[in-house]
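Accompanying notes for the structure given below.
Quick note: the coordinates plus some simple rules give every number you see, no bench work behind them. These numbers come from a predicted model, not from an experiment. Note: ideal-geometry Cβ built from the backbone for every residue, glycine included; neighbour counts use all protein chains shown.
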């Protein structure tokens, strides 16, 4: 049970969120629907996101966006995928699939394909009340009080609340402040070496380009292009191309922030300019026609503990995966949904109630227990997909190009993925608005049978939409202890 404050101290439970990216804005949507007071602190002057190009939103999270009330506006701005190709390093096709389309038909919801900046724009502009967002607000420190927290900002102001949620990305200040608090106040604090388990083996150059003189490209394609120590993703929408090239780089643990100059970015693009993508289209062709581009490190890893005191992490601040599968945002938004569901369940009878520290810790532990297994599987499998598509071993190359494209494998993968998406968490206190939850996809129930052959799970990892399909395989057969690329 929660302790109820009385008298002059009576005030609503309040959440202080750090970071107004996809996760922070999703939290604000959910908290506003739950009628839970909060503030979102964003260090930049504007609500923008330029870190990455393309974003895929699967039906499970599209359903959440429908609960937010922004799905219809999003659907009006993209063209559903109509063609899917797997390609050899020379740009030639070895598999024509329909997994994305099959999933969309099952849920009567086309898989959303757009750029990250547009997603952030929809989330921000679709907020019922934007006054919960505070820009140009950089966190300096967090102080725990007897009844809550005080978040001190670099401009000298203070935000008070009951908990702090770190939705501020891989280089999270909340994560660092959380470890500092744990080291001083928790006897079971993690050793130094477990505080930052993230590492990076790959970097990526990404961008959005105009579709000029590229007849090989259709208006709404998905192309996965394998390579030697590289792999490429090319998504098209009418008039533009969203693309990314992942390339192996030096191993770093922990990874350091990578912020190349324009000259360094141009040099990286020049290094890969002759690599084939689709037919005769090269990386150089897309870079020449870019409207924007960037380079970033692809951090990987997951924290063993996502909370300490009254601070908790959501999204990339807790777990980070490679870009191949585009599952980071879906995983993070689902975690935000689960956390808000727990808060709403605890506060629905009285929004003025407040948690003791033990109660806060219990709630955070429930949140992590619900989300850690899935996040860990996504992170591990995402890394395996990246390494498979970049031909890390002959075995990986064989499965990518010879086993995964088989028609029976493609059909099984789509069926299993649909079962997994049907179980994606949604807000449990508001209804959907426009989607049909009687569509066949939502009625599917995942099978949970005994252990199966690990090679099947491995084959699933190598598919065009390997993220969901791999997860489906794990749910059915379990993650083999010997699941290795070597």
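Couple of notes before you dig in:
- In degrees, nearest ten, helix 116-125 long axis to first principal axis of the chain (Cα): 40 degrees
- Geometric extent, Cα atoms of segment 169-317 - Rg, Dmax (angstrom): 19.4, 63
- Among beta bridges identified by DSSP and lying wholly in the chain, the antiparallel ones come to about 75 percent.
- In degrees, nearest ten, helix 357-389 long axis to first principal axis of the chain (Cα): 10 degrees
- Annotation: the chain has a Kirkwood hydrodynamic radius of 23.1 angstrom, from the mean reciprocal C-alpha pair distance.
- Considering segment 233-300, its Cα convex hull presents a mean projected area of 5.4 nm².
- As a proxy for reagent exposure, 102, 157 were ordered by neighbouring Cβ count within 10 angstrom, fewest first; the result is 157, 102.
- Highest average packing first - 430-443, 63-76, 86-99, Cβ atoms within 10 Å: 63-76, 86-99, 430-443
- Relative to the longest principal axis of the Cα atoms of the chain, the long axis of helix 407-421 lies at roughly 10 degrees.
- The Cα trace of segment 322-386 gives Rg and Dmax of 15.1, 47 Å, the first to one decimal, the second as a whole number.
- Ranked by the mean number of other Cβ atoms within 10 Å of their residues, highest first, the peptides 365-375, 103-113, 320-330, 123-133 come out as 320-330, 103-113, 365-375, 123-133.
- Size descriptor, Kirkwood hydrodynamic radius, that averages inverse alpha-carbon separations across segment 64-206, Å: 20.1 Å
- By the helix-only formula, in which each DSSP H run with n ≥ 4 contributes -39500 (n - 2.57) and the sum is divided by residues, the chain has a 222 nm mean residue ellipticity of -11000 deg cm²/dmol.
- Packing, taken as the mean count of other beta carbons within 10 Å per residue, orders the peptides 177-184, 417-424 from highest to lowest as 417-424, 177-184.
- Under the Debye formula (equal points on every Cα, no solvent term), log10 I(q)/I(0) of segment 271-422 at q = 0.13, 0.20 Å⁻¹: -0.82, -1.29
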